[in-house]
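What follows is a short report on a single structure.
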Amino acid sequence: MPFSITKEKLERLAVVQEKLSGRVEERPLGEVRFLGAVDVAYRGDWACAAFVLWDLLLGEAVKSKRVAVEVGAPYIPTFFFLRETKPILLALRGEEFDVLMVEGHGKAHPRGYGLASHIGLLLSKPTIGIAKRPLRDTENFTRVGKAYVSVGHLVTLEDAVRLVEMTLDSGYPAPLKLADRESRKCLKRESVR
């Protein structure tokens, strides 16, 4: 893994995250038909991102896409965006959706700027942060079933919670469950070993 980062760089990145958190907007959603979901799985030096397009009217997935890429950064708590941005953006390339569920926190982050906020700000699209557990010393989330839901960007917490509730499957949003499953399938491909 070619990526290395010093403590000083992380401190500077933390300041940048705090500044960018001020650009995160909360606004009510209009009509939503297509909900995107994205998740990333890892094995060794490979990351596999999966995108799932969920049709709320039909209540099912209508498209999925998988992308494999070499891992560009190590896992560093509260700096998840360093590791996941590239594979997620590759998986989202050319895709259309009304709102995106991101497996990762949004405003429910110690600096108010998690992965979901970062992706939303980069794409200028509504995003919802969804995680399986909260980060320490955070708020700005609501627990829905087994999911911790927070604002990513361009959505209110109320709208985010409503969309998660509409797609719950055994306590977790079905679109993200499918994205997780697809990302793991991608790791089993012959070229990713």
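Computed from the coordinates by the stated procedures, all read-outs in this text should not be read as laboratory data. Quick caveat, the model's predicted, so the values are computed rather than measured. Positions of Cβ are backbone-derived with ideal geometry, glycine not excepted, and every protein chain shown enters the neighbour counts.
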Original post:
In nanometres, what is the gap between the two model label sites at R181 and K7, each 7 Å from Cα along Cα-to-Cβ?
Top reply: 4.5 nm
Original post:
Taking the Cβ-Cβ separation of E95 and E18 as r and a Förster radius of 41 Å, what is the calculated FRET efficiency to the nearest 0.05?
Top reply: 0.85
Original post:
Of the labelled options (1) 16.5; (2) 17.1; (3) 18.1, which one gives Kirkwood radius over Cα pairs in Å as computed for this structure?
Top reply: (1)
Subject >> Inter-label distance, nm, simple model (7 Å from Cα along the C-beta direction), T142/K63 >> reply: 2.9 nm
**OP:** Compare the Cα positions of H105, L135, L122 along the charge dipole of the range 94-143 (+1 at Cβ of Lys, Arg; -1 at Cβ of Asp, Glu; about the Cα centre) and return the one farthest towards the positive end.
**Re:** L135
Original post:
If you take the beta carbon distance between Y42 and E158 as r and set R0 to 45 Å, what does 1/(1 + (r/R0)^6) give as a FRET efficiency, to the nearest 0.05?
Top reply: 0.85
